[in-house]
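Below you'll find the structure, written out as structure tokens, and then a few comments.
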Amino acid sequence: MIKINKAGWIYIILTLLIGFSAVNTGNNLIYIMASALLSYMLVSGIFGRQNLHGLAIELEIPEEIYAGTEIPIGIRLINQRRLMPAFLIRVLIEDRQVLFAYTGAKSEDKSYCTFDFKVRGEHVIGSIYVCSVFPFNFFTRFRKIHQAFRLIVFPKPKKCGDLPAQDRQARIKGDASTLAIGFDSDIISIRDYSSGDPLKYISWKSTAKTGVLKTKELSAIELQQVLIDFDRMDKRDLEHSLSCVTFLVLKFIRSNIPVGLVIQGEHFKPAVSKSHKINLLRKLALYDQN
Amino acid sequence: MIKISRILQILTYLVVVVSYASVFHYLEHYHSLSFLLLLILSLYLSFHRIIRIPRWVLNAISIAILVISALAISTEYLVEPVLGALIVLVAIKLLEEKTFRDYAQIFAMCIFLLIGSSLLSLSIAFLGYFSLIALFSTTALIFLAYFAQQSEIAIRRSILYKVLLQSLLICSIALPGSLIFFIILPRTSYPIFSFLNKGGYAMSGFTDTIRLGEISEIQEDNNVIFRAQMPKIAEDELYWRGIVLDAFDGSSWKNSGKRSRFSMTPLRGREIVQVVYLEPYGNRFLFALDKPWSIALRNVYISDDLSCSLPDSIHERIRYEVKSYASNLVPDQAVDRRQYLQMPSDFSPRIGKLVEDLTKGKSDAEIVRAILQYIDRGSYRYSMEDLPQSADPLEDFLFQHKAGNCEFFASSLAVMLRMAGIPARLVGGYRGGYYNNTGGYYMVLQHNAHVWVEAYLPHREGWIRLDPTLYARMAPATERDRSFFLQFKLLLDTFNYYWYTFIINYDFSRQLALLKKIKAAIQKPDIKIDLAKERIRRHLYYLPAVLLLGILGYVAVQTIMKKPDDRLLNKFQRKLRRRGYVRKPCEGLEEFAARIHEQDLRIKAQEVVARFESIYFKDQNFTREDLRSLNRRIDEL
């Protein structure tokens, strides 16, 4: 695809004018000028065309993309040509564009572009073009990159005040002391000091009272598990509910609380791993979408 | 990092300066001066931004310049004022804060300046200006494309070189490519605006009147008057006939204009065909090797005295083909004796007395011999300075001064012959020329201008050429003909010759001839193929050498194109293959080295691998030192 720029139109008119002058003056030097202008037009076409060949685009999409949040996507321009560098390549992705001033032969260059996906779900970035005005800004050539990039946009996390049960439950079921001895929570007993005990656990108060070095024994915290049953949630405002659940999932996992999900009859056991989180978020993102 | 806008600025100045140089000769002083002042001001302001001149001020100045230049325009003086205005406008444009549009306008105006220069001169210097402007503009336009995308963009020096290389590449393809368009672009035999062309009209000198005693600038002029493509011939045959002068008034010779249509008996002698490229010189006579028989040119008139002319003065370079016969004699059976014996009444009794003494009782042939002998033995000297300038210059020359140029020698002989009753006339033209072996043509300069005599001898039934100047003692000035500078001029003229022959004189008729040739070649391809076969057979012996060179070239390019680490790895594997170890596909280097049985070899190979990987896997570039040491280690394997 080719678009003639304003400068290009002027160049064409100038060439025609000089060609007309050459014919009507019979002056061979003006013929030389007209010939050179035509020749330059041809050569610029060849170079411009060549400049868009052998180029590939790769997108570096972050793993977690939330609706309504700006994220930077890395655009990598790969010049696969053996000899010719790529000059002034503009990559058009959807309604955004990035300029690569120079990419050497057999090398690549990276630039970032901010995207903001408004809605959750699967998105396909398919409309990718490379274009360039090289060499003379007379014509802009476009080439479509026949490559599509799929990405899943998670629902926008939203802190919700209207989910009291879950919230309170979470708070209640959250951190809880266990009888196991650890170093996390409340004091459960005081015993005699044995070598190797950390100094910060020495109970100076008891030591002072008894005259013998005493060590505090603290309870360990056991993490409560949370299971969110999305299927039983109020879905009158589906997007809102999804956002709330997304927020909870993120919050629990950030707090290291295993979280599970029941969604569309599918049961995800509580866990805190990253892959688990992504799985849950994907499920939420694709809820009710074909 | 280098700012694109700075590079663009430098290139724009270069384009402007070259454009100015191309029209410099034709500009009025005030235009040149304004341009230079504005250029210096714009250069100063681009480095020290102390003030910014408002656009309306610049526009007002531009309009004023356009008005002043428009007032100077006339039909005779059209191109120069336009060029003057244009160059000043370019300089004003340089003063402005420049956007993409301003730069584009400057380049367009520079193209118009170059076109303007081509209307005023067809010299080969155009090619120089054109190439320089093409080179600078190409580079500037590439940077302008960058500038248009992001005006504040800056690039690394290494990238700058790459862009420069690209522009060179574009130029090296586009400029020769324009030759194809030059050949095929449509042409017409009747251009409408040909009056705009004034190329090379400046030369003058050769006139149709010879005034004795007047110092003619022509003999000091080293410009080329014409070139004649022909085989080399003997020096004494090189007389280029131009005009015949038959009317003498005592101090000057003219062409009486009495002409009859060419009706002589055919010429005899060796036929010599020349293609003459005559420069515009402001007169209507054509020059051709003595004695011209036919000229292939429209509207040409060959008179009975064998002078050839066009109806109008020659104001543009022309090309014509002449057929001449190298002969000393112009056969003529019906001479108008009154015309060729005409003398002013009471002309120099002293010369009359001399002629009478010399010729008493002698036949025509003896008279001619006696007068020539008199000039030969009379200690006459060839000189272009201090010529006799009295009321009777011929008497002065013959009896007192005894020094003069060819006009004096020829006039004396013709006058003395006429006084002795032998019809005589002067022939003006050129003598000699410098043969260019490379181009196969004679270059004849203005200072080769010459005058000789033709005398009618009834017993020979024709006019014979007599050149009394040959009997003169030549001044040392003629030595310059053999100088180094002349050789150099000849060499340079070869380019000029080809320039005029193939570029300037390429016209509709030649385009048509070329098309016909191509058509003929297509219609009768068998002949060409046969010829081609013969040629191929002749060159068959070179084929293996060419193939070998091609293969070597390919290998060399492949080797150069490979990355240094690939080359190292290949060498390493090759070396070990010779020792019986072949690296399996997908086998790691360390794994491969560990497989070697010989301990010594294994340790060395592992050292190479360790060194290689320490650079390769850290994404470092192999320095020259690294490559050298690794190569040495691999050699030791």
query: For segment B:577-626, what are the residues that are hydroxyl-bearing (Ser, Thr, Tyr), at pLDDT below 85 and in a loop (DSSP other than H, G, I, E, B)?
result: B:Thr623
field: Residue identified as of a type outside the set (Ser, Thr, Tyr), in contact with a strand residue (DSSP E or B) (Cβ under 8 Å, 6 or more places away or on another chain) and exposed (fewer than 14 other Cβ atoms within 10 Å of the Cβ) among B:Ala247, B:Ala228, B:Ala296, B:Ala288
entry: B:Ala296
When residues of segment A:73-83 are limited to those that are farther than 30 Å from A:Thr246 by Cβ and surrounded by 15 or more Cβ atoms within 10 Å (Cβ to Cβ), the one farthest from the other protein chains (Cβ to nearest Cβ): A:Ile78
message: Yes or no: segment B:306-322 includes at least one residue that is out of contact with any Asp or Glu (no Cβ under 6 Å at 6 or more places or on another chain), at pLDDT below 85 and among the aromatic types (Phe, Trp, Tyr).
response: no
Criterion (facing chain A (nearest Cβ under 7 Å), in contact with a helix residue (DSSP H, G or I) (Cβ under 8 Å, 6 or more places away or on another chain) and at pLDDT below 70) met by exactly one of B:Pro186, B:Pro191: B:Pro191
task: Could you look through segment A:104-135, keep only residues that are more than 30 Å from A:Leu42 (Cα to Cα) and among the β-branched types (Val, Ile, Thr), and pick out the one that is nearest to the other protein chains (Cβ to nearest Cβ)?
output: A:Thr114
field: Condition broken by B:Ser118, with the remaining ones in (1) of a type in the set (Gly, Ala, Ser); (2) more than 10 Å from every other protein chain (Cβ to nearest Cβ); (3) touching a residue at least 40 places away in the same chain (Cβ under 8 Å) satisfied
entry: (2)
- line: Scanning segment B:134-165 for residues that are at the interface with chain A (Cβ under 7 Å from one of its Cβ atoms), over 12 Å from B:Leu8 (Cβ atoms) and assigned to a helix (DSSP H, G or I) gives B:Ala134, B:Gln149, B:Ile159, B:Lys162
task: Could you please let me know if A:Ala101 is within 14 Å of chain B (Cβ to nearest Cβ), crowded, with 17+ Cβ neighbours inside 10 Å and aliphatic (A, V, I, L, M)?
output: yes
task: Please state which one of B:Ala21, B:Ala104 is under 28 Å from B:Ile142 (Cβ atoms) and within 14 Å of another protein chain (Cβ to nearest Cβ).
output: B:Ala104
Scope segment A:1-14; condition more than 10 Å from chain B (Cβ to nearest Cβ) and in contact (Cβ under 8 Å) with a residue 12 or more places away in the chain; matching residues: A:Met1, A:Ile2, A:Lys3, A:Ile4, A:Gly8, A:Ile12
task: Mind telling me which of the residues B:Gln149, B:Gln105 ends up being surrounded by fewer than 23 Cβ atoms within 10 Å (Cβ to Cβ), out of contact with any helix residue (DSSP H, G or I) (no Cβ under 9 Å at 6 or more places or on another chain) and not hydroxyl-bearing (Ser, Thr, Tyr)?
output: B:Gln149
Breaking point among (1) of a type outside the set (Lys, Arg); (2) under 22 Å from A:Ala22 (Cα atoms); (3) not in a helix (DSSP H, G or I), for B:Leu179: (3)
message: Looking at segment A:146-162 only, could you name the residues that are modelled with pLDDT under 90 and touching a Leu at 6+ places or on another chain (Cβ under 8 Å)?
response: A:Phe149
Meets criteria (free of Cβ contacts under 8 Å to residues at least 40 places away in the same chain and within 24 Å of B:Leu37 (Cα to Cα)) for B:Phe107: no
- prompt: What tally of residues in segment A:8-48 results from selecting those that are within 21 Å of B:Gln166 (Cα to Cα) and aliphatic (A, V, I, L, M)?
  reply: 7
- prompt: Only one residue in A:Glu63, A:Glu94, A:Glu58, A:Glu70 is in contact with a helix residue (DSSP H, G or I) (Cβ under 7 Å, 6 or more places away or on another chain), more than 10 Å from chain B (Cβ to nearest Cβ) and modelled with pLDDT under 95. Which one?
  reply: A:Glu63
- request: Please find, among B:Gly378, B:Gly421, the residue that is more than 21 Å from B:Val244 (Cβ to Cβ) and among the small types (Gly, Ala, Ser).
  value: B:Gly378
task: Go through B:Gly429, B:Gly352, B:Gly361 for me and flag whichever is of a type outside the set (A, V, I, L, M, F, W, C), more than 23 Å from B:Trp240 (Cβ to Cβ) and in contact (Cβ under 8 Å) with a residue 60 or more places away in the chain.
output: B:Gly352
- prompt: Looking at A:Leu59, is it outside any helix (DSSP H, G or I), assigned by TED's automatic domain parsing to the domain that holds A:Glu108 and closer than 29 Å to A:Ile145 by Cα?
  reply: yes
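The values are calculated or read from the model by the stated rules, or taken from the named source; none is laboratory data. The model shown is predicted, which means the values in this text are computed figures rather than measured ones. For neighbour counting, all protein chains shown are included, and Cβ atoms are generated from backbone atoms with ideal geometry for every residue, glycine included.
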